[in-house]
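Since the structure comes first, as structure tokens, the remarks are kept for the end.
No value in this document is a laboratory result; all are computed from the given coordinates. Every value quoted in this text rests on a predicted model; they were computed, and no experiment measured them. All Cβ positions, glycine included, derive from the backbone under ideal geometry; neighbour counts span all protein chains shown.
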Amino acid sequence: ESWSRLTHEFLSNALSYNFSQGFGNTFGFNVIQKGSRYCFYNGEINHDGIIDVTDYQFVDNNSFAFASGYKTTDLNGDQLTDISDLVIVEENVFNFVQRILP
């Protein structure tokens, strides 16, 4: 979960905001740079606000079961929960990635 750093006014039914253009576009600078883009952290499976061992266990269990298809534990979007998804969540667990609210 990420929030925009600045407030914005809805002038119609829609609002477009590009978080990927800069480090300062998110509240609390809660993004990671990948190449020339800024990206949201991935791996917060149970929506408790922190990527921790509980999230890792969800990914690990689905990896062990060879879960395939559109799963919340498929963090890289390749339709399979496997070791590559475990690497993503493990890195974020060790970095204590958590939600930053305004």
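What the table shows:
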| read-out | value |
| --- | --- |
| Sum of side-chain charges, Phe66 neighbourhood, beta-carbon under 14 Å (Lys, Arg +1; Asp, Glu -1) | -4 |
| Angle between the chain longest axis and helix 53-64 axis [Cα atoms, degrees, rounded to 10] | 50 |
| Principal semi-axes in Å for segment 1-40 [√(5λ), Cα gyration tensor, largest first] | 21, 11, 7 |
| CD proxy at 222 nm, helix term only [per DSSP H run n ≥ 4: -39500 (n - 2.57); per residue of the chain; nearest 500] | -7500 deg cm²/dmol |
| Gaussian network model of the chain, Cα within-10 Å springs - most flexible of Phe66, Phe27, Phe19 | Phe66 |
| Angle in degrees between helix 83-94 and the longest Cα principal axis of the chain, rounded to the nearest 10 | 60 |
| Linear extension gain, Leu6 paired with Phe66, 0.36 nm per residue minus alpha-carbon span | 17.4 nm |
| DSSP loop GluC sites (Glu not before Pro) with at most 16 other Cβ within 10 Å: longest gap in the chain | 10-102 |
| Dipole in debye (nearest 20) - the chain, about Cα centre, beta carbon charges: Lys, Arg +1; Asp, Glu -1 | 460 |
| Tail beyond 19 Å, pair distance distribution of segment 42-97 (Cα, percent) | 15 |
| Cβ-based charge dipole, the chain, positive-most Cα from Phe19, Ala65, Cys39 | Phe19 |
| Extension gain (nm, one decimal) between Val53 and Gln79, 0.36 nm per residue minus Cα-Cα | 7.1 nm |
